[in-house]
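Report on the following structure.
The values are calculated or read from the model by the stated rules, or taken from the named source; none is laboratory data. Small disclaimer: the values here were computed from a predicted structure and weren't measured. Here Cβ is always computed from backbone atoms with ideal geometry, including for glycine, and neighbour counts include all displayed protein chains.
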Amino acid sequence: MASTFVSLSGLSLTKEDGFVSLFDGKSLNGWITINKTGQGYLVKNGILICPATGGGNLFSVKEYSNFVLRFEFRLQEGSNNGVGIRSPLNSQDPAYVGMEIQILDNQSPRYKDKLRSTQYHGSIYDVAPAKRGFLKPIGNWNEEEITADGRQITVKLNGTTIVNFNLDSVADSKTLQKHPGLSRKKGHIGFLGHGTKVEFRNIRIKEIF
């Protein structure tokens, strides 16, 4: 049964059974920054902020194997970030040594005619393309759900499934060699900044056993 509570940012949210918060709205407790740039990640008014002048890779201290991750995010024009899953805690690129679920302003002029199909928002970066057209206009909060259940990776954006992909379907030897992270069974969850502003809130997770 779900119940309603008021978040640290003053928003009325739904507390789902089995989910626990990954972000307390006040600090970076439970997180560690790798490859910090500028200010790193900031916390303000219950919101986790990757500023345009900072960022880097912010990882959960805890490792997760199978899970449902839910969060809200807000983009600005040109925003570019990502959610790392099953990633090791090191300075290498999580998109390859782990997996990255892309977070991107698909409509930005800066990316026009520069993106492969596997680089749009929600895609398993460089591996599996996401359906497009389900992001809300810039400045609005979006809701996303990422499920990693064994070899099945599912991404829902604002209630629509945009990725439903079995990692075992990757048969190309070059892709497998380039992405050793596809074989990982557990790792850290991360927000992967690329020098653009993105805001996150209401970050929670339910482990699947």
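Sort out which residues of region 141-158 are outside any strand (DSSP E or B) and either of a type in the set (Asp, Glu) or within 16 Å of the chain's Cα centre (by Cα) (or both), and write them in order of number.
Asn158
Could you list, in sequence order, all residues of region 34-44 that are at pLDDT 95 or above and in contact with a Gly (Cβ under 8 Å, 6 or more places away or on another chain)? Reasoning before the result, please.
Step one: of region 34-44, the residues at pLDDT 95 or above are 41-44.
Those that are at pLDDT 95 or above and in contact with a Gly (Cβ under 8 Å, 6 or more places away or on another chain): Tyr41, Leu42, Val43.
Suppose the filter is under 29 Å from Gly54 (Cα atoms), of a type outside the set (Ser, Thr, Tyr) and part of a strand (DSSP E or B); does Ile138 pass it? Working first, answer last.
Details: under 29 Å from Gly54 (Cα atoms): yes; of a type outside the set (Ser, Thr, Tyr): yes; part of a strand (DSSP E or B): no.
No, not satisfied.
Regarding Tyr125, is this residue surrounded by fewer than 22 Cβ atoms within 10 Å (Cβ to Cβ) and either closer than 26 Å to Lys174 by Cβ or aromatic (Phe, Trp, Tyr) (or both)? Before the answer, list the steps.
On the way: surrounded by fewer than 22 Cβ atoms within 10 Å (Cβ to Cβ): no; either closer than 26 Å to Lys174 by Cβ or aromatic (Phe, Trp, Tyr) (or both): yes.
Spelling it out, it is not the case that Tyr125 is surrounded by fewer than 22 Cβ atoms within 10 Å (Cβ to Cβ) and either closer than 26 Å to Lys174 by Cβ or aromatic (Phe, Trp, Tyr) (or both).
Specify which of the listed residues (Val20, Val6) is surrounded by fewer than 15 Cβ atoms within 10 Å (Cβ to Cβ) and at pLDDT 95 or above. I'd like the intermediate steps shown before the answer.
On the way: Val6 fails: at pLDDT 95 or above.
The match here is Val20.
Could you identify the single residue in Ile138, Ile85, Ile153, Ile124 that is over 20 Å from His194 (Cα atoms), touching a Leu at 6+ places or on another chain (Cβ under 9 Å) and at pLDDT 95 or above? Show your work before the answer.
Working: Ile138 fails: over 20 Å from His194 (Cα atoms); Ile85 fails: over 20 Å from His194 (Cα atoms); Ile124 fails: over 20 Å from His194 (Cα atoms).
The match here is Ile153.
In region 66-95, what residues are touching a residue at least 60 places away in the same chain (Cβ under 8 Å), out of contact with any helix residue (DSSP H, G or I) (no Cβ under 6 Å at 6 or more places or on another chain) and not hydrophobic (A, V, I, L, M, F, W, C)? Talk me through it step by step, then tell me what you get.
Of all residues in region 66-95, those touching a residue at least 60 places away in the same chain (Cβ under 8 Å) come to 66-89, 94-95.
Next cut, out of contact with any helix residue (DSSP H, G or I) (no Cβ under 6 Å at 6 or more places or on another chain) only: 66-77, 79-83, 85-86, 89, 94-95.
The answer is Asn66, Arg70, Glu72, Arg74, Gln76, Glu77, Ser79, Asn80, Asn81, Gly82, Arg86, Pro94.
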